[in-house]
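Coordinate-derived values only; no laboratory data. In this text the structure is predicted, and so the values were computed from the model without any measurement. A quick note on method: Cβ atoms are made from the backbone with ideal geometry, for glycine too, and the neighbour counts reach across all protein chains shown.
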Amino acid sequence: MPDDIRELWRFAPVIAIMFLVAWAGHKGYWYWGHGVREVIKELQKERDDWHKLAVALLKQQGIELDDPRD
């Protein structure tokens, strides 16, 4: 039994690092850097602008759409 515990302690740092990497990835800490968040915000803004333009053009043609985000 004591040899098994020593064997587990040998792998404890590796297990801890793997757990930390998995947790950080799950939370989005390592790949959602500041630059990526800014790009996503800009893409969302452009999407909303295009949506407003499309709705306005369709409204001119007499077509009313329900807003799917409501």
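Some points to look at:
- Distance between modelled label sites at residue 18 and residue 54, nm, 7 Å Cα→Cβ extension: 4.4 nm
- Converting phi to 3J(HN,Hα) with the Karplus coefficients 6.51, -1.76 and 1.60 and the offset θ = phi - 60°, segment 51-62 yields 5, 4, 5, 5, 5, 5, 5, 5, 5, 4, 7, x Hz in sequence order, with x at every glycine or proline.
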